[in-house]
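Shown next, in structure tokens, is the structure this report addresses.
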Amino acid sequence: MNLKHIEEFKDKIIKLNGWVHGIRGNNKIQFLQFRNSGRIVQVVCEKSVLGEVLFEQIKVLRQETSLSIEGKVVESSK
């Protein structure tokens, strides 16, 4: 699946392959900028949902790291 038609999957769980474009956050939440097919989406990673081990792995990701992610597509007004 690619991001070109992500709007069609609103409120559905999808799996994407792509690259880390950037990351920021704190000790409770990380915002991962994820790139695929020339588009970028924000992936919200919450420690309370992912657990300590996975959350800590996300915090140390670097730009251009390739990933496969799964989650629910949610539209944001921002």
With only Lys, Arg, Asp and Glu charged, each at its Cβ (+1 for the first two, -1 for the last two), find how big the charge dipole of the chain is about the Cα centre; round to the nearest 20 debye.
160
Give the carbon-plus-sulfur fraction of the accessible surface of the chain in %, rounded to a whole number; probe 1.4 Å, heavy atoms of protein chains only.
50
Residue-count net charge about G25 - beta-carbon cut-off 11 Å; Lys, Arg +1, Asp, Glu -1
+3
[x] 0.94; [y] 0.99; [z] 1.11, with the label sought being that of the calculated Rg/Rh (Cα atoms, Kirkwood Rh):
[x]
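Pairs of Cα atoms under 8 Å, at least six residues apart: use those to get the relative contact order of the chain, whole percent.
Relative contact order of the chain: 39 percent.
If you count only protein heavy atoms with a 1.4 Å probe, what accessible area per residue comes out for the chain, rounded to a whole Å²? Let's see the in-between values first.
On the way: 5640 Å² over 78 residues.
Solvent-accessible surface per residue comes out at 72 Å².
Compute the signed sum of charges (Lys and Arg +1, Asp and Glu -1) over the other residues within less than 13 Å, Cβ to Cβ, of V44.
On the way: positive: R24, K28, K47, K72, K78; negative: E46, E75.
Taking every Cβ under 13 Å from that of V44, the sum is +3.
The values are calculated or read from the model by the stated rules, or taken from the named source; none is laboratory data. None of these values were measured; they are calculated from a predicted model. All Cβ positions, glycine included, derive from the backbone under ideal geometry; neighbour counts span all protein chains shown. Note: accessible area is taken over every heavy atom of the protein model, side chains too, but ligands, DNA and RNA are not part of it. Shrake-Rupley method; radii C 1.70, N 1.55, O 1.52, S 1.80 Å.
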